[in-house]
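Okay, structure first, notes after.
The values are calculated or read from the model by the stated rules, or taken from the named source; none is laboratory data. Since the model is a prediction, treat every value here as computed from it, not as a measurement. As a convention, Cβ positions derive from the backbone with ideal geometry for all residues, glycine included, and neighbour counts pool all protein chains shown. In case anyone asks, the SASA skips ligands and DNA or RNA and just uses the protein heavy atoms, side chains included. Shrake-Rupley method; radii C 1.70, N 1.55, O 1.52, S 1.80 Å.
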Amino acid sequence: MGRWARRLGLVLLLLLATLAMALGWYAHRALPQTAGEIVLPGLQGELRIERDVHGIPTIRAASERDAVFGLGFVHAQDRLWQLETHRRIAAGRVAEAFGEGALETDRFLRALGVRRAALAQWQQLPASTKTLLQAYADGINAYLAGHLQARPPEFLILGLKPEPWDPVDSLGWSIMMSWDLGGNWSTELLRLRLALKLPVGRINALLPAYPGETLPETADYAALFRELKLDAGSEKTAWQRLPEIAPPSGVEGVGSNNWVLAGSRTTGGTPLVANDPHLKLSAPALWYFARMVAPGIEVAGATMPGLPGVVLGQNRQLAWGFTNTGPDVQDLYLEQIRPDDPGQYRTPEGWARFETFEEVIRVKGRPEVRMTVRATRHGPVISDAGTTADVLGPKDRPAYALAMRWTALDPDIDVLAPALGMQRATSVAEFMAAAEGWATPMQNMVVADRAGAIGVISPGRVPLRKPDNDLKGLVPAPGWDARYDWDGWVPAGETPRETDPERGWIATANQRITPPGYPHYLTAEWALPYRQQRIEALLQSRARHSIDDLAALQADVRSLAVQPLLPWLQRAESAHPLAAAAKAQLQGFDGTMAADQAAPLIWWAWQRQLARAIFMDDTGSALWDRSLATRTFQDALEGVLARDDAAWCDDRHTPAAETCAMQAGTALTRALDELQERFGADVAAWRWGHAHQARSEHRPFSRVKALARLFELRAPVGGDTFTVNVSRVGLRPDATTGELYLDEHGPSLRALYDVAEPANSRVMHSTGQSGIVFSPLYRSFVAPWAAVRYVPLWAPEAGADVLLAKPSAR
């Protein structure tokens, strides 16, 4: 028996060793070749790819076309699975890979028509743009055709093979990035949903105007929707079931910071630029650093797999950075369907036929789904994603569909030409001239050049609304009434801009950027100004700043949003046995959201419970959980508590008359119950970073428990939704783990540029250069990113690895 056991053990050991060797062989084959010589069909000249120790490539080419080809090639080498997900999302083909759970998203994207719009844009592009988009696709496909030794593990696990990249895939991903940065449509839909429960005045208190301003005066849209019978059978209507696949514009923590200092405000006497875009954290990161060198171009910075060129960065003459402007460039329209012919809808001139498209969605493990989607004169009928019925309202009355007008779907958009013009620019004036051709998404672009000039421009295609439009784009409008149609665009030369201000600096943080008296309406949904106020205070705190000072500013975790509400927490009365210990932790708390402290955790648990207690009884729990639970309601809470507004603080579901002070105490009790259950009774041992972890989600393996530990990346962080070092606080339990207070939106990239001395420029993104989980570069940036450290943007002359690519013989 002993001998057989030994033999069996030896066999098992050999099997395990063989398996380990096979896994090691596969992992090695899955990693790209980064040194040596290769032949690449499609190249027109020699291509040299030098990678530094961080995996950042310098692409040296004989032409700009070949440099773009090289960028496509390295994107495919390091981020092939990310390219696959980007392509599938833009095409509405996610369920084909991920299964039935992604069907709702595919239905929405097919109804929205992203792929159709990308195809239409491709048809109208100039030959110069098409050439570079094709070169980028050729670079990706050259890797797929001859140099992919083993598919990344995601392909193997899901049983997929990578498909060739098409230039239209790049245009589709560009539209999706505009989608992520312009979600006004969902705020319109939210107001419609609220209008079936609340009067307009209470909606305006719940979603208030920017501080110090008033919302645009509108008609009583709650009465309008009742008149249109949208409240009848509302739980079964198409618009109620629309998936919310993007955060509403203005949701806190989804934005960016940037600032530029003239030489008069820096220790070196030359301009400095800082930028940190706040986007969804993912594994791998959304960004990929690269340097491109070719005749007429030498540029380095953040590229985005799926798109050719450097999006944010520096050339040898200037540096630039973006924040999101957040204009209102999406309007929803209620399209009345002809009662006796559902193929027609009402227009100002009478009835017109819907344009229709047949879509087939393949679903992994399930039968394919066929759907008919429609479009009107305004754009795609997005309610076709939510139901197969034609109605918004009961079937025995006039019914409606919901259509969207959105600038990013326009066929005459060229996203690449202005971007390439900006990265070729040699002065602030040239940069701003190139930027005027930028259409979407509208961005606040700060820039500085070696001559010492600084500036900001906010280019983008923004609709003009007619003077008699009494809904102002805040809610869905009757599509048959011409006064709600757009009336042209804000002229490109009249979008906000500023150059060389006397104060010596410019900063933006998604706050209102239009000066008093600005003639055009951009939006009513600016981000709250707390980050901007903190940035301005720190920039003004000393006469001159070094690049290290700017790094400290990017690391700042003091939240100015705490001050208006903190006295209510300090005075809150609670009989909870941990209340005294919690109050002790709050002593001296000034809003600094340090990861190693308990006070930020207590604060956010209380703030969340307070918002729920004051507002959820008015909205109803179903609407709250679906559409409102992710919001802080910071501005609404400030208003209610400043007024000590009993009409909001009273709980409609109880016979008692609750005051705001009572709700503050109840919120503290509930918060302490929640935290005690999760972290124990030792309040002094609680830590913000234990709950508030930056999670870079992997598609789709973050949702697979057995794989999440390997593919998902996490790090405890400080900060919150309103700090300069932003880390949006997750206020709805995570759908997979149930965790509260996770950070899934933050500085996807940090960059500091020294315009005169590029060797001092430094960058960091949130994961690592590789998208292949076996590579040490998959997670190499996580710890330094969390600690707000950087790597050099520009590398020494020689790279750590050199790959020489030659064109195939003709």
### Message
Being out of contact with any Asp or Glu (no Cβ under 9 Å at 6 or more places or on another chain), open to solvent by less than 10 Å² (accessible area, probe 1.4 Å) and not hydrophobic (A, V, I, L, M, F, W, C) is the filter here; which residues of the range 592-611 pass it?
### Response
607
### Residue that is most open to solvent (accessible area, probe 1.4 Å) [pool: residues in the range 42-56 that are in a loop (DSSP other than H, G, I, E, B) and hydrophobic (A, V, I, L, M, F, W, C)]
53
### Unique residue being within 19 Å of residue 327 (Cα to Cα), small (Gly, Ala, Ser) and modelled with pLDDT of 95 or more when the list is 419, 439
439
### Summary
Checked 730, 738 against criteria (more than 28 Å from residue 24 (Cβ to Cβ), out of contact with any helix residue (DSSP H, G or I) (no Cβ under 8 Å at 6 or more places or on another chain) and free of Cβ contacts under 8 Å to residues at least 24 places away in the same chain); the one match is 738
### Task
Please state which of the following conditions residue 541 fails to meet, knowing it meets all the rest: (1) in a loop (DSSP other than H, G, I, E, B); (2) within 26 Å of the chain's Cα centre (by Cα).
(2)
### Task
Kindly indicate which of 356, 376, 372 is within 29 Å of the chain's Cα centre (by Cα) and of a type in the set (Ser, Thr, Tyr).
376
#### Entry: Number of the exception - residue 543 against (1) touching a helix residue (DSSP H, G or I) at 6+ places or on another chain (Cβ under 8 Å); (2) crowded, with 16+ Cβ neighbours inside 10 Å; (3) among the small types (Gly, Ala, Ser)
(2)
### Task
Report whether or not residue 647 is under 33 Å from the mean Cα position of the chain (by Cα) and over 29 Å from residue 555 (Cα atoms).
no
### Selection count, the range 5-39, where residues are among the aliphatic types (A, V, I, L, M), modelled with pLDDT of 95 or more and under 35 Å from the mean Cα position of the chain (by Cα)
2
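For (1) in contact with a helix residue (DSSP H, G or I) (Cβ under 6 Å, 6 or more places away or on another chain); (2) surrounded by 22 or more Cβ atoms within 10 Å (Cβ to Cβ), each residue gets a yes or a no:
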{"site": "432", "(1), (2)": "no, no"}
{"site": "438", "(1), (2)": "yes, yes"}
{"site": "441", "(1), (2)": "yes, yes"}
{"site": "446", "(1), (2)": "no, yes"}
{"site": "449", "(1), (2)": "yes, yes"}
{"site": "482", "(1), (2)": "no, no"}
{"site": "509", "(1), (2)": "yes, yes"}
{"site": "515", "(1), (2)": "no, no"}
{"site": "535", "(1), (2)": "no, yes"}
### Message
Quick check on my filter: what residues within the range 566-584 are surrounded by fewer than 19 Cβ atoms within 10 Å (Cβ to Cβ) and in a helix (DSSP H, G or I)?
### Response
566, 567, 570, 571, 579, 580, 581, 583, 584
### Message
So, residue 702, is that one touching a Phe, Trp or Tyr at 6+ places or on another chain (Cβ under 9 Å), within 30 Å of residue 158 (Cα to Cα), among the hydroxyl-bearing types (Ser, Thr, Tyr) and not in a loop (DSSP other than H, G, I, E, B) or not?
### Response
yes
### Query
Does at least one position in the range 308-315 carry a residue that is surrounded by fewer than 24 Cβ atoms within 10 Å (Cβ to Cβ), touching a His at 6+ places or on another chain (Cβ under 8 Å) and in a strand (DSSP E or B)?
no
### Message
Whether any residue in the range 392-401 is modelled with pLDDT of 95 or more and of a type outside the set (A, V, I, L, M) is what I want to check.
### Response
no
### Task
Output the residue which, of all residues in the range 612-635 that are touching a Ser or Thr at 6+ places or on another chain (Cβ under 7 Å) and part of a helix (DSSP H, G or I), is surrounded by the fewest Cβ atoms within 10 Å (Cβ to Cβ).
613
### Subset of the range 117-139 [aliphatic (A, V, I, L, M) and farther than 17 Å from residue 64 by Cβ]
117, 118, 119, 120
### Query
Mind checking whether some residue in the range 115-128 is under 30 Å from residue 803 (Cα atoms) and either modelled with pLDDT of 95 or more or hydroxyl-bearing (Ser, Thr, Tyr) (or both)?
yes
### Summary
Pairing a residue in the range 18-40 that is within 19 Å of residue 772 (Cβ to Cβ) with any residue that is open to solvent by 80 Å² or more (accessible area, probe 1.4 Å) and in a loop (DSSP other than H, G, I, E, B), where Cβ atoms lie under 8 Å and the two sit 6 or more apart in sequence or on different chains, gives 29/149; 30/149; 33/149
### Message
Would you confirm, using the coordinates I've provided, whether residue 797 is of a type outside the set (A, V, I, L, M, F, W, C) and at pLDDT 95 or above?
### Response
no
### Query
assigned to a loop (DSSP other than H, G, I, E, B), buried (at least 23 other Cβ atoms within 10 Å of the Cβ) and not β-branched (Val, Ile, Thr), is that true of residue 722?
yes
### Message
I'm trying to understand the selection: among the residues of the range 749-778, which are outside any loop (DSSP other than H, G, I, E, B), of a type in the set (A, V, I, L, M, F, W, C) and under 29 Å from residue 267 (Cβ atoms)?
### Response
749, 751, 752, 759, 763, 764
### Task
Could you look through the range 769-808, keep only residues that are farther than 15 Å from residue 32 by Cα and free of Cβ contacts under 8 Å to residues at least 12 places away in the same chain, and pick out the one that is surrounded by the most Cβ atoms within 10 Å (Cβ to Cβ)?
787
### Task
Select, from 39, 68, 74, the only residue that is surrounded by fewer than 24 Cβ atoms within 10 Å (Cβ to Cβ) and touching a helix residue (DSSP H, G or I) at 6+ places or on another chain (Cβ under 9 Å).
39
## Note on the structure
Checked the range 411-420 for anything in contact (Cβ under 8 Å) with a residue 60 or more places away in the chain and not aliphatic (A, V, I, L, M); matches are 411, 412, 414
#### Entry: Single condition residue 734 does not satisfy, out of (1) of a type in the set (D, E, K, R); (2) within 18 Å of the chain's Cα centre (by Cα); (3) buried (at least 17 other Cβ atoms within 10 Å of the Cβ)
(3)
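Per-residue answers, yes or no, for (1) open to solvent by less than 20 Å² (accessible area, probe 1.4 Å); (2) without any contact (Cβ under 8 Å) to a residue 24 or more places away in the chain; (3) touching a Leu at 6+ places or on another chain (Cβ under 9 Å); (4) under 30 Å from residue 356 (Cβ atoms):
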| residue | (1), (2), (3), (4) |
| --- | --- |
| 80 | yes, no, yes, no |
| 85 | yes, no, no, yes |
| 92 | yes, no, yes, yes |
| 103 | no, no, no, yes |
| 106 | yes, no, no, yes |
| 116 | no, no, yes, yes |
| 125 | yes, no, yes, yes |
